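Data block below; observations after.
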Amino acid sequence: MEKSKVLVVGGTGYLGRRIVSASLSRGHPTYVLQRPEISLDIDKIQILLAFKKQGAHLVEGSFSDLESLVRAVKLVDVVICPMSGVHIRSHNILLQLQLVEAIKRAGNIKRFLPSEFGFDPSRMGHALEPGRVTFDDKMVVRKAIQDAKIPFTYVCGAGLAGYVAGNLSQMGTLVPPKEKVLIYGDGNAKVSIVDEDDVAAYTIKTIDDPRTLNKTLYLRPPENELSQKQLVEMWENLIGKKLEHISISEQDFLASIKGMDFAGQAGAGHFYHMFYEGALTNFEIGEEGEEASKLYPEVKYTRMDEYLKLYT
């Protein structure tokens, strides 16, 4: 079976560059959108040139030029758009509406994977302001996809390891604490934590798989469904030292959000849903979805005890 041609929009980003690498490593003809807006961003240009050296095709296109997007889309079979929806970086979810329109006009795409990867937005109608804008925007994009009858796969359900594992789920840092660790409530809510390279591997696996057509792929590998307490214990065992545990109640956590700036409030709201509600894992996967590690047992996903060794 001939491998699908893939266009990655946002291919220089945190997840995007991993998805490009996964696509290339699995032998897919891989195209990466090169936007004129990044022409002076030396880091992104260098990433694109490195991908070109590995065999990727760079294709010019801009969200401000719909016809350029249509031309790019017509080159491929599958479009993947891992654009940022994190306020501390950038928040571009609704830009994808232009991409949806381009896919609709091109008429040749057999699968579109929009920016998802975290919480399932269809389950987050109760989310706190202002962070709920991420989920609301994703649902706007989903509606546009489904109204246009574009074949899709939504990949979601993961707490990205770089954001919630290496820092023992502490806000305001991406590295582990030295002496004290803040525990959210009783620390027992389960969170699905997935290495970003594994997110990319599972994503690329879906694109030629009929089992994931018009479905949600949940990233919930069973050995990586961990509570914060379990994660902290793994770290303490690795370093041979007990940290001081400081518990923060749900009420105190919610009160602390009020003094933060917009991006801080948005991120803290997501932490609340993750660590107090267990919103990544507190439901059964129904007929609308599949679980990644069950569909693709050949992906040897990174366990968090191994992942944490990077930080020792």
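The values are calculated or read from the model by the stated rules, or taken from the named source; none is laboratory data. Quantities reported herein were computed from a predicted structural model and do not represent experimental measurements. When we count neighbours, we look across all protein chains shown, and the Cβ atoms used for this are built from the backbone with ideal geometry, even at glycine. Accessible surface is based on the protein model in full, side chains and every heavy atom, while ligands, DNA and RNA are left aside. Shrake-Rupley method; radii C 1.70, N 1.55, O 1.52, S 1.80 Å.
Quick notes
- Partner lysines for residue 180 [C-alpha distance under 17 Å; skip if fewer than 8 residues away on the same chain]: 229, 241, 242
- Sequence-distant residues sharing a close amide H with residue 154 (under 5 Å, placed H): 215, 216, 217
- Within a Gaussian network of the chain (alpha carbon springs, distance under 10 Å), most fluctuating of 210, 114, 222: 210
- Degrees separating the helix 16-25 axis from the principal Cα axis of the chain, which is the longest one: 60 degrees
- Descending by average beta-carbon neighbour count within 10 Å, the peptides 199-205, 68-74, 260-266 line up as 199-205, 68-74, 260-266, the highest first.
- Value at 222 nm in deg cm²/dmol, rounded to 500, when DSSP H runs of n ≥ 4 in the chain each add -39,500 (n - 2.57): -10500 deg cm²/dmol
- Note on residue 309: aspartates and glutamates with a C-alpha under 14 Å away, same-chain residues under 8 apart excluded, are 195, 233, 236.
- For the chain, the longest principal axis of the Cα atoms and the long axis of helix 262-275 meet at an angle of about 70 degrees.
- Overall, the accessible surface of the stretch 6-311 at a probe of 1.4 angstrom is composed of carbon and sulfur to the extent of 52 percent.
- Centre separation in Å (Cα based) which lies between the stretch 90-141 and the stretch 294-312: 28 Å
- Packing, taken as the mean count of other beta carbons within 10 Å per residue, orders the peptides 99-110, 130-141, 244-255 from highest to lowest as 130-141, 99-110, 244-255.
- Cα coordinate range in the stretch 127-255, projected on the principal axes (Å, largest first): 53, 33, 21
- Amide H contacts under 5 Å for residue 111, placed H, 5+ residues apart: 79
- Choice from 185, 55, 267 with maximal GNM fluctuation in the chain (Cα, 10 Å cutoff): 55
- Compared with the dominant principal axis of the Cα atoms in the chain, helix 132-147 is inclined by about 30°.
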